[in-house]
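Comments concern the structure below.
The values are calculated or read from the model by the stated rules, or taken from the named source; none is laboratory data. Just so we're clear, the structure is a prediction, and the values are computed from it rather than from any experiment. Virtual Cβ from ideal backbone geometry, glycine too; neighbours counted across all protein chains shown. Note: areas computed on protein heavy atoms with side chains; ligands, DNA, RNA excluded. Shrake-Rupley method; radii C 1.70, N 1.55, O 1.52, S 1.80 Å.
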Amino acid sequence: MTGLPTFRAATTDDVDAIVALVESAYRGDASRVGWTTEADLLDGQRTDPDAVRGSIAAPDSVVVLAEHPGAGRGALAACCHVQRRGARCYFGMFAVDPARQGGGIGGQVMAYAEELARTRWGCSVMEMTVIRQRTDLIAFYERRGYTDTGRRSPFPYGDERFGVPRRDDLEFTLLEKGL
């Protein structure tokens, strides 16, 4: 990707496009074009319209969209969700169009989200949860200054809103970065 993306806050008009982007980055054969796929770990959905609408409507929350340079409104390159939780902000629902992964857009989105957390809410720490078995993804975040806190939480087995696990040892790890 050449040029900087255009960033904006999502509205409910963007829900279907966000769901499609997130699903394409993490689930099914389409996700294998990029490197962020979870297709070997999980089947089923990664998110759904209700969850995305909830993130857009949540207090102290913004779903950030990065649009392709020169392509106009609606040509999504990436997205993420940032939500204030006291002095910390949570970073989630991060997805990059699989065809554009590895081109720098992910780092640009993360930098934008971190600056947003600092300037909008005065947050001093950004945190996120990642499936512990996603060592390549954890390494990506560590190269950007995130550290593994050693805190783990269980995967929500039996709740298909988060996918259908293909193995029985999944859990989340909490990563954080000082802002």
Exclusive hit being among the basic types (Lys, Arg) and surrounded by fewer than 17 Cβ atoms within 10 Å (Cβ to Cβ), set 134, 144: 144
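Residue by residue, here is whether (1) over 14 Å from residue 44 (Cβ atoms); (2) not basic (Lys, Arg) holds:
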residue	(1), (2)
134	yes, no
142	yes, yes
146	yes, yes
149	yes, yes
154	yes, yes
160	no, yes
165	no, yes
171	yes, yes
175	yes, yes
Selected residue (only one of 86, 103 is open to solvent by 10 Å² or more (accessible area, probe 1.4 Å) and closer than 22 Å to residue 125 by Cβ): 86
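Per-residue answers, yes or no, for (1) open to solvent by 30 Å² or more (accessible area, probe 1.4 Å); (2) at pLDDT 95 or above; (3) out of contact with any Phe, Trp or Tyr (no Cβ under 8 Å at 6 or more places or on another chain):
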| residue | (1), (2), (3) |
| --- | --- |
| 15 | no, yes, yes |
| 33 | yes, no, yes |
| 46 | yes, no, no |
| 57 | yes, yes, yes |
| 75 | no, no, yes |
| 92 | no, yes, yes |
Residues within the stretch 139-179 that are more than 16 Å from residue 85 (Cβ to Cβ) and out of contact with any Asp or Glu (no Cβ under 7 Å at 6 or more places or on another chain), tallied: 21
Matching option when the condition is touching a Leu at 6+ places or on another chain (Cβ under 6 Å) and among the polar types (S, T, N, Q), among 129, 173: 129
Residue in the stretch 109-129 that is crowded, with 17+ Cβ neighbours inside 10 Å, modelled with pLDDT under 95 and under 23 Å from residue 23 (Cβ atoms) present: no
